[in-house]
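Asker: Here it is, the structure, as structure tokens.
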Amino acid sequence: MRKDKLYFLTFISISVIFLIIASFGVKYFIKVSANQLIEIQLESSKREANEISKLTQNQIVEGIEKSKIVSSIQNAIENTHNEASFICLFDWSGKQVCHPDITKVGLKVNSDQSLITSLNEEDSSDKLYDLLINQRKKNDSIANAEIVSEIVYISPVKDSDLIVAAQVNLSKISIQIRKLKTSFYTIFALMGGLIILSSFFAVRIIGSYYEKQLEQKNISLESELLNLSKLNTDLIAYQQKVVENTEEESLESTVESLKESGKKRILTYIRNELIPVSINNISYIYTENTITYIVCFDGKKSTSNDSLDDILMNMDTSLFFRANRQFIISITAIAKIIKYGNSQLKILIKDADVEIIISKNKAAEFRQWLNI
């Protein structure tokens with residue numbers, strides 16, 4: 001049940017993240033694409049307006065009558081009003097003399113000079129979408145039933161009172177942009193569904209794999225904990241056995257046992273004073289900087305001239321264990337045994353701030369020593 005809830009929350013999280021990113025991404029891509037679309041329309045209209053302006057100028061220079069020129073241009077551009085961009089012709093008085101929609105010939109041209117100026121700036125490519133869409137909204141409120149168009153570029157004909165104007169059909173561009181939006185939203189929806197589902201299944205597969213790995217680790221850890229628990233139980237039992245044997249044995253049997261197993265005392269030094277230390281009082285022995293230190297249960301520390309190997313040879317190996325190259329520990333000094341690393345053990349000493357590490361190779365020998 002918890003896994004299903006986790007997977008459900010993962011699915012919701014991925015979906016929310018994608019929707020947030022997509023909401024910004026789609027708007028950006030639509031604006032960039034629309035700007036490119038409008039810029040292509042404008043560049044095409046400008047080029048066409050300049051070409052017609054030059055052609056008209058050449059015809060005037062050749063002496064062709066103005067009425068014939070206007071008539072030929074009207075015939076060329078008539079019925080192109082439904083295109084995204086088109087050309088019209090007007091004179092200095094502002095009266096249209098040529099227009100794709102012949103019903104508008106003779107009417108005053110309606111142009112927004114600020115729009116023309118903005119669109120002809122060098123950095124206008126990033127403004128096209130906002131400028132034309134805002135203009136479209138403004139014109140929609142005035143004449144919703146009519147085809148809305150705006151003059152975006154003018155090219156005066158030299159040596160005449162004629163001006164060639166490039167217009168864009170805002171209604172047509174709006175339709176193109178709506179189609180562009182629909183395409184982008186469809187692509188993002190399909191891509192989003194694919195990403196979300198693939199991410200969801202990927203999370204489930206990866207999650208299942210790590211769950212299996214975790215279960216195996218938990219089984220291994222439980223086994224190690226059982227072994228460690230048994231090890232500490234053996235330690236306590238062995239310590240109790242040592243204490244009971246010490247209390248029950250008579251002085252004579254103790255002396256005989258010590259004679260068989262090793263020395264009863266070790267001669268140590270505290271500064272220049274020679275001090276005998278009872279074996280039973282020793283907590284642990286260690287070496288540091290070639291000096292051998294003997295630490296008792298009461299915390300007193302003394303030194304010895306013998307190496308750890310020499311000392312261990314004369315001690316009861318059922319009571320003392322060589323943990324590593326640096327330490328010899330007493331069975332009664334061990335406070336707790338802790339797992340350390342993969343297969344190592346850490347020994348905590350009673351009433352002492354010291355941690356002794358038993359290596360992987362030595363751990364098996366240590367377990368056997370506790371089971372003696």
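All of the numbers you see were taken from the coordinates with simple rules; none came from a lab. This one's a predicted model, so the numbers in the text were calculated from it and none came from an experiment. We place every Cβ from the backbone using ideal geometry, glycine too, and count neighbours over all the protein chains shown.
Asker: Output wanted: per-residue J couplings in Hz (rounded whole) for the range 269-281, from phi through Karplus 6.51 cos²θ - 1.76 cosθ + 1.60, θ = phi - 60°, x for Gly and Pro.
Answerer: Going residue by residue, I get 10, 10, 6, 9, 9, 8, 10, x, 10, 5, 4, 5, 8 Hz, with x marking Gly and Pro.
Asker: Let me ask another. Pop out the ³J(HN,Hα) list for the range 162-173 in order, Karplus 6.51 cos²θ - 1.76 cosθ + 1.60 with θ = phi - 60°, rounded to Hz; leave Gly and Pro as x.
Answerer: In residue order, the calculated couplings are 9, 9, 8, 10, 9, 10, 10, 8, 4, 5, 5, 5 Hz.
Asker: What does the extension gain come out to for Lys350 and Asn232, with contour length at 0.36 nm per residue minus their alpha carbon separation?
Answerer: In short, 41.1 nm is gained.
Asker: Now, a different point. Once the piece of chain linking Arg271 and Val26 is laid out straight, how much longer is it, given 0.36 nm per residue of separation minus the C-alpha distance between them?
Answerer: 79.9 nm
Asker: Turning to a different aspect of this structure: Using alpha carbons only, how many angstrom separate the centre of the range 296-346 from the centre of the range 21-90?
Answerer: Each part's Cα centre sits 97 Å from the other's.
Asker: Further, regarding this structure: If you filter the range 280-334 for trypsin sites (Lys or Arg not before Pro), then keep DSSP loop positions with at most 13 other Cβ within 10 Å, what is left?
Answerer: Answer in residue order: Arg325.
Asker: Then there's this: Could you please report the charge total around Leu107, scoring K, R as +1 and D, E as -1 over all other residues with beta-carbon less than 11 angstrom from its beta-carbon?
Answerer: Overall, the nearby charge balance is +2.
Asker: What does the highest-first list of 342-348, 61-67, 171-177, 84-90 look like by mean Cβ count within 10 Å?
Answerer: In decreasing order of mean packing, 342-348, 61-67, 171-177, 84-90 become 84-90, 171-177, 342-348, 61-67.
Asker: Eigenvalues of the Cα gyration tensor times 5, then square-rooted: what semi-axes does that give for the range 323-365, in whole angstrom, largest first?
Answerer: Calculated on Cα positions only, the semi-axes equal 17, 11, 9 Å.
Asker: So who's got an amide H within less than 5 Å of the one on Leu319, skipping anything under 5 residues away but keeping other chains? H placed 1.01 Å off N, in plane.
Answerer: Hits under the 5 Å cutoff: none.
Asker: Calculate, in nm to one decimal, what Phe8 and Asp91 gain on full extension: separation in residues at 0.36 nm each, minus their alpha carbon distance.
Answerer: Result: 23.0 nm gained on full extension.
Asker: What do you get when you divide the Cα radius of gyration of the range 249-370 by 2.2 N^0.38 Å, with N the number of residues?
Answerer: Dividing the Cα Rg of the range 249-370 by 2.2 N^0.38 Å gives 1.07.
Asker: Another one. As a quick test, which of the pairs Lys212/Lys339; Lys5/Lys31; Lys5/Lys339; Lys27/Lys54; Lys31/Lys108; Lys31/Lys95 have an alpha carbon distance above 29 angstrom in this structure?
Answerer: Over 29 Å apart, Cα to Cα: Lys5/Lys31; Lys5/Lys339; Lys27/Lys54; Lys31/Lys108; Lys31/Lys95.
Asker: Grab the beta carbon distance between Lys68 and Lys104, set R0 = 22 Å, and tell me the FRET efficiency rounded to 0.05.
Answerer: Working from the Cβ atoms, E equals 0.55.
Asker: For labels at Ser15 and Phe200 in the simple 7 Å Cα→Cβ model, what's the distance in nm?
Answerer: Here the modelled spin labels are 0.7 nm apart.
Asker: How would you rank Trp369, Trp92, going from fewest to most other Cβ atoms within 10 Å of each one's own Cβ?
Answerer: Trp92, Trp369
Asker: FRET efficiency for Met313 and Tyr210, Cβ-Cβ distance as r, R0 = 41 Å, nearest 0.05?
Answerer: 0.20
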